[in-house]
Amino acid sequence: MHPATRRAIFRRLQAANPSPTTELLYGSPFELLVAVMLSAHTTDRAVNAATHNLFPIANTPAAIVALGVEGVKPYIKPVGLYNTKAKNLVGLAQLLIERHGGEVPGTRADLEALPGVGRKTANIILNMVFGEVQIAVDTHIFRVANRTGLAPGRTPREVEQALNANTQAEYRKDAHHWLILLGRYVCIARKPKCPTCIIRDLCEYPHKTRATPPRAAARRLPLPSRVRTRRGRRTR
């Protein structure tokens, strides 16, 4: 894809949504870390439903540790793999207390050393909490980057590297949010909504979904010159 096309894509995405952000609900760096960690293999809606109940009870590392694994499980049942995530959440909180004074660390190495935290989660925290220019690649962004031709890659890491290398500096900080929203609501996995996509003319996807033609109006048949009445009589 030509650099000018990439710039045009992000210019349109920025114009449509100047201040993009996550759809996860949170009130502190720790809450964001928990929400992102829980969002693996599930929807933001499910995570928000879980944290809506969890955070009023436990929204600090100490409170999570006090609940324990069995205490956390009932709160996060709406999310997938909640048994494993409950164990990771308590382990994550314990390490934050032991190694970081209960605070969310600001380095990739320290973040990825926490249970349940991988590169994608670390990138989001570094971007949103510490202001680093990082692009986290999830399934939506991986699909959009490959389908549009914006940053083709065989793995999420390859796509991340391509996006970092090819995205103009002024768009790199918010690129993650624009692309994830595009993939979540427009460039969906099955039958992407190409006719309503604001970058459809810039996208290089060769199999764009065509607009559904409007239904033709029902053809009205001409009335006969004579209409038979119920009694069998004819009238004009």
Report task. Determine which member of the set Thr167, Thr148, Thr107, Thr121 is out of contact with any Ser or Thr (no Cβ under 8 Å at 6 or more places or on another chain), of a type in the set (S, T, N, Q) and surrounded by fewer than 15 Cβ atoms within 10 Å (Cβ to Cβ). Result -> Thr107
Report summary line: Restricting the range 76-98 to residues that are open to solvent by 50 Å² or more (accessible area, probe 1.4 Å), in a helix (DSSP H, G or I) and under 18 Å from His41 (Cβ atoms), the one modelled with the lowest pLDDT turns out to be Tyr82
Requested in this report: Show the residue pairs that are 6+ apart or on different chains and have beta-carbon atoms under 8 Å apart, the first residue being within the range 1-25 and within 24 Å of Leu126 (Cβ to Cβ), the second being loosely packed, with under 15 Cβ neighbours inside 10 Å and among the acidic types (Asp, Glu).
Outcome: none
Query - Checking Thr43 against (1) β-branched (Val, Ile, Thr); (2) in contact with a Phe, Trp or Tyr (Cβ under 9 Å, 6 or more places away or on another chain); (3) open to solvent by 50 Å² or more (accessible area, probe 1.4 Å), the condition it does not meet - result: (2)
Query - Close pairs (7 angstrom Cβ cut-off, 6 or more residues apart or separate chains): closer than 21 Å to Arg108 by Cα in the range 136-152, of a type in the set (D, E, K, R) and modelled with pLDDT of 95 or more anywhere - result: Val137/Glu160
Query - Scope the range 124-135; condition part of a loop (DSSP other than H, G, I, E, B), touching a helix residue (DSSP H, G or I) at 6+ places or on another chain (Cβ under 8 Å) and either surrounded by 19 or more Cβ atoms within 10 Å (Cβ to Cβ) or in contact (Cβ under 8 Å) with a residue 12 or more places away in the chain (or both); matching residues - result: Val129, Val133, Gln134, Ile135
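The values are calculated or read from the model by the stated rules, or taken from the named source; none is laboratory data. Here the structure is a predicted model, which means the values were calculated and not measured. Every residue, glycine as well, gets a Cβ built from its backbone with ideal geometry; the counts of neighbours run over all protein chains shown. Remember, those area values only see protein heavy atoms, side chains included, never the ligands or the DNA or RNA. Shrake-Rupley method; radii C 1.70, N 1.55, O 1.52, S 1.80 Å.
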